Amino acid sequence: MSSSDIFIGETIGTAVLILLGGGVCAAVTLKASKARNAGWLAIAFGWGFAVMTAVYISAPLSGAHLNPAVTLALAIKDGGWDNVPIYWAGQLLGAMIGATLVWVAYYGQFQAHLTDKEIVGEPAAKAVEAEEKGAGPVLGIFSTGPEVRNVVQNLATEIIGTVVLILAILTQGLNDKGNGLGTLGALITAFVVVSIGLSLGGPTGYAINPARDLGPRIVHALLPLPNKGGSDWSYAWIPVVGPLIGGAIAAGLYNVAFA
C-alpha cells in the first residue's frame with residue numbers, strides 16, 4: 001500500500017465510522033429526531049454497524065485500521081513503524097470530518113436542542129449542572145465521558161475494553177492456519193464492538209479509539225453551537241492514553257501467547 005492510499009483510506013474510513021457512530025448518538029439524543037431516547041442498545045449496535053461499514057469501505061486502500069490503537073498494536077506485533085504517522089494523521093482528520101458531517105446532517109436538531117438547553121429529556125437545570133462540570137448538553141454526541149469521575153477506574157475501563165478489541169482483531173483467522181477471515185472479519189469485529197459497548201461501555205462510553213474521541217472533541221470545541229458548554233478537556237487525555245496502552249498490552253499478549 002502506498003502512503004497516499006493509506007492516508008486516503010484511513011481518512012475516508014474513519015470519517016464514515018464517526019459519521020455513522022456519532023450519527024446514532026445524535027439520533028438518540030437530539031430533539032426532533034425520530035430515534036430520540038432509543039437507548040443504549042441502539043447506540044451499541046449503531047457503533048458496531050458503523051465499524052463494519054467503515055472497514056468494508058477502507059480495507060482495499062489502507063487495511064482499515066481506523067483506530068490509532070490498532071495501528072500501534074500492529075506496529076508492535078509486526079515491527080513495522082514507517083507508516084504509523086500516516087495512519088494516525090488520516091484517522092484524526094477522518095474523525096474530524098465525520099463529526100462535522102454529523103453536525104451538518106442534524107443541523108436543525110442541534111439548533112432546536114441547544115436553544116432549549118435540554119439533555120435527553122432532562123430539565124434545563126441538568127444542562128446547567130453539566131456545563132459547570134465542563135460538559136455541554138451535546139458533548140456526548142461528539143466524544144465520551146465517565147458516569148463516575150475516577151481517573152484510575154476510567155483509565156482502566158478504556159484499557160480493558162481496548163485489549164479485548166485488539167486481541168479479537170489480532171487473533172482473527174488463527175484457527176484457519178493464519179489465513180485470516182477475509183471480509184467476514186469486518187462482521188466479527190463489528191459484533192466485538194457491540195459486545196464491548198453492551199458489557200463495558202457503561203462506565204465511560206467506551207472510546208476504545210483515540211481518534212474517535214479526540215477528533216470529534218476538537219470539532220465540538222470549534223463548531224458554532226449555541227449553549228454547547230465546554231469540551232471537557234480535563235478528561236480528554238483518558239480516551240487517548242487508555243486505548244493506546246490497551247493496544248500495546250494486547251500486542252504484547254499476542255506476541256507472548258499466540259505468535
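The values are calculated or read from the model by the stated rules, or taken from the named source; none is laboratory data. Everything numeric in this text was worked out from a predicted model, so none of it was measured. Note that we place each Cβ from the backbone using ideal geometry, even for glycine, and neighbour counts take in every protein chain shown. The protein model used for the area step is the full one, side chains on, heavy atoms only, and it has no ligands, DNA or RNA in it. Shrake-Rupley method; radii C 1.70, N 1.55, O 1.52, S 1.80 Å.
Go through the range 3-40 and report how many residues are among the hydroxyl-bearing types (Ser, Thr, Tyr), open to solvent by 10 Å² or more (accessible area, probe 1.4 Å) and modelled with pLDDT of 95 or more. Full working, then the answer.
As a first pass, look at the range 3-40 and keep what is among the hydroxyl-bearing types (Ser, Thr, Tyr): 3-4, 11, 14, 29, 33.
Those left that are additionally open to solvent by 10 Å² or more (accessible area, probe 1.4 Å): 3-4, 11, 29, 33.
Still in the list and also modelled with pLDDT of 95 or more: 3-4, 11.
Residues in the range 3-40 being among the hydroxyl-bearing types (Ser, Thr, Tyr), open to solvent by 10 Å² or more (accessible area, probe 1.4 Å) and modelled with pLDDT of 95 or more: 3 in total.
Restrict the check to the range 40-61 and report whether at least one residue is under 20 Å from Gly202 (Cβ atoms), over 15 Å from the mean Cα position of the chain (by Cα) and assigned to a loop (DSSP other than H, G, I, E, B).
no
Looking at Glu122, is it farther than 30 Å from Ile6 by Cα, at pLDDT below 55, of a type outside the set (Ser, Thr, Tyr) and open to solvent by 70 Å² or more (accessible area, probe 1.4 Å)? Quick ask: steps written out before the conclusion?
On the way: farther than 30 Å from Ile6 by Cα: yes; at pLDDT below 55: yes; of a type outside the set (Ser, Thr, Tyr): yes; open to solvent by 70 Å² or more (accessible area, probe 1.4 Å): yes.
Judged against the criteria, Glu122 is a match.
Collect the residues in the range 49-83 that are under 15 Å from Leu19 (Cβ atoms) and crowded, with 24+ Cβ neighbours inside 10 Å, keeping them in residue-number order. Write out each step before concluding.
Going through the range 49-83, the residues under 15 Å from Leu19 (Cβ atoms) turn out to be 49-58, 66.
Result: Ala50, Val51, Ala54, Ser58, Leu66.
So, restricting to helices (runs of 4 or more DSSP H) that lie completely within the range 145-256, which ones have at least 1 residues that are of a type in the set (Ser, Thr, Tyr)? Lay out the reasoning, then the answer.
Values: elements: 151-170, 184-200, 210-222.
In the range 145-256, 151-170, 184-200 are the helices (runs of 4 or more DSSP H) which contain 1 or more residues that are of a type in the set (Ser, Thr, Tyr).
Identify all residues within the range 75-100 that are modelled with pLDDT under 95 and not in a loop (DSSP other than H, G, I, E, B); write none if there are none.
Answer for the range 75-100, where residues must be modelled with pLDDT under 95 and not in a loop (DSSP other than H, G, I, E, B): Lys77, Asp78.
How many of the residues making up the range 223-249 are free of Cβ contacts under 8 Å to residues at least 12 places away in the same chain and open to solvent by less than 20 Å² (accessible area, probe 1.4 Å)? Break it down into steps so the answer makes sense when it comes.
Restricting attention to the range 223-249, the residues satisfying the condition of being free of Cβ contacts under 8 Å to residues at least 12 places away in the same chain are 224, 237.
Now narrow it down to the ones that are open to solvent by less than 20 Å² (accessible area, probe 1.4 Å): none.
Of the residues in the range 223-249, 0 are free of Cβ contacts under 8 Å to residues at least 12 places away in the same chain and open to solvent by less than 20 Å² (accessible area, probe 1.4 Å).
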